[in-house]
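The values are calculated or read from the model by the stated rules, or taken from the named source; none is laboratory data. Note that the coordinates shown come from a computational prediction; the quantities given were computed from them, not determined experimentally. Please note: Cβ atoms are built from the backbone with ideal geometry, for glycine as well, and neighbour counts cover all protein chains shown. Quick note on the areas: whole protein, heavy atoms, side chains included, nothing else; ligands and nucleic acids left out. Shrake-Rupley method; radii C 1.70, N 1.55, O 1.52, S 1.80 Å.
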Amino acid sequence: MARNDVHRQDYGYPMTDLDALVPRMRPYATTIFGEMSARASALGAVNLGQGFPDVDGPAELKDIAIAAIADGSGNQYPPAHGLPDLRNAVAEHQQHHYGLTVSSESGVVVTTGASEALASAVLGLVGAGDEVIVLEPFFDLYAAIIALAGATRVSVPLRVPEPGSGSGFTLDADALAQAITQRTKMIIVNSPHNPTGMVLTRRELQQVADAAIRHNLIVLSDEAYEHLVYDETTHIPIATLPGMFDRTITVGSGGKSFSFTGWKIGWASGPPALIAALRVVRQHLSYVSGGPFQAAIAAGLRLPDQFFADFSAGLAQRRDLLSKGLRGLGFEVMPSAGTYFVTTDIRPLGHSDGAAFCDWLVTDVGVAAIPISALADDAATFAPYVRWTFCKRPEVLAAALERLATIR
Ligand SMILES: *Cc1c(COP(=O)(O)O)cnc(C)c1O
């Protein structure tokens with residue numbers, strides 16, 4: 001467990017002068033994803049660091065956005081909480097896929113990506129002195145928005161797998177229970193989980209739910225990868241567990257679900273009492289977001305089940321391609337049940353420090369990956385793990401594996 005004042009790792013990259021930046025945001029000056037992408041492009045490395053697809057989503061969705069620009073219907077401020085058609089589509093999607101009934105009138109807000117939904121939730125629901133629990137490693141945005149809110153981050157490490165066991169990361173329910181204090185206000189959960197690729201089991205979600213109910217906490221559920229689950233895995237929104245809907249904000253991402261990460265359309269849904277708080281904050285952040293893209297994402301959410309099945313089957317193939325290749329090179333590859341990512345343990349290759357390993361990899365081998373320790377307060381526990389994205393064309397994955405073959 002660690003708190004905000006923990007010194008985050010410095011990777012030695014040049015930083016601009018930050019004297020003008022408010023002190024509470026100084027630890028968040030850069031993101032590992034941006035840094036690694038910048039180095040990958042400067043060095044001509046194959047970028048398996050940042051998770052963005054290199055093939056666009058459905059052409060029919062592009063056509064809708066293009067038409068909304070051409071016919072003028074999308075070019076002025078859309079309604080404050082989102083296009084009614086998109087709010088309806090979110091409500092229909094939650095009902096159709098998960099049996100969740102949300103009000104498109106008062107239980108949905110459209111945001112500038114899942115990012116703004118997460119920021120609005122934290123800024124609107126927690127304040128100075130409140131504690132927010134995150135399961136680490138975690139998507140780095142959480143730490144920054146908790147700091148923006150003046151709240152305190154309390155990280156609970158996931159349990160790491162036994163080396164060689166073939167299993168993955170798991171929730172440490174005891175550590176979660178111990179982390180809760182009188183000041184705890186919110187737990188942020190993210191399943192499917194970035195960076196590890198784990199998907200919380202129903203039992204693990206129930207353990208989070210039990211803690212939230214027992215201590216009357218809000219759960220902020222980042223489900224950006226809800227449609228990126230593989231094999232027999234199903235995505236379970238924590239809001240579907242008994243007693244959870246009224247205390248849960250569920251966040252989705254049009255970028256992740258439809259492979260248009262540059263459009264930045266996201267949403268939050270949940271009980272009107274919580275969504276009303278998000279709406280207030282969000283209207284003072286970006287106010288509204290891209291009208292033409294909202295129209296397109298509404299159609300995306302209504303795509304037939306087959307679309308989502310094909311999408312996940314295609315990604316699962318690429319996960320297998322990369323996992324098999326990395327395993328063949330000697331890495332221990334953790335199972336990835338969801339997301340764009342696979343995590344490896346680098347110790348079988350004789351390395352133990354993922355940050356140093358990734359630094360060397362991008363410079364000397366020409367492949368970018370992300371050290372998991374950069375996404376954790378407890379850097380030592382997560383030091384031997386490295387995250388790779390497989391949301392790239394097979395030839396790009398093959399090119400990365402070819403370069404990696406030289407490290408054996
Ligand atoms: C990409 C990502 C987001 C942000 O999604 P946007 O829609 O691009 O804002 C949020 N959470 C996780 C875990 C992500 O990986």
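Data overview
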| quantity | calculated |
| --- | --- |
| Alpha-carbon centroids, the range 216-274 and the range 334-408: separation in whole Å | 27 |
| Alpha carbon Rg of the chain, scaled by the compact-globule rule 2.2 N^0.38 Å | 0.95 |
| Distance (nanometres) between label positions extended 7 Å along Cα→Cβ at Tyr77 and Arg203 | 5.2 |
| Length released on extending from Asp17 to Asp210, taking residue separation times 0.36 nm less the Cα-Cα span | 64.9 nm |
| Listed peptides 64-75, 279-290, 219-230 by packing density, highest first (mean Cβ within 10 Å) | 219-230, 279-290, 64-75 |
| Alpha-carbon spread of the range 64-207, three principal axes, descending order, Å | 57, 39, 27 |
| The chain - accessible surface per residue (Å², probe 1.4 Å) | 39 |
| Distance violations [Cα-Cα > 21 Å] among Lys62/Lys256; Lys256/Lys324; Lys185/Lys264 | Lys256/Lys324; Lys185/Lys264 |
| Under 9 Å, Cβ to Cβ, from Leu274 - net charge with Lys/Arg +1 and Asp/Glu -1 | 0 |
| Local electrostatic count at Pro157 - Lys and Arg +1, Asp and Glu -1, tallied over other residues with Cβ under 11 Å | -3 |
| Along each principal axis, Cα extent of the range 15-132, largest first, Å | 44, 44, 32 |
| Calculated over the range 301-408: convex hull of Cα atoms, volume per residue (Å³) | 108 |
| Protection proxy ranking of 116-123, 165-172, 18-25, 33-40 - average other beta-carbon atoms within 10 Å, highest first | 116-123, 33-40, 165-172, 18-25 |
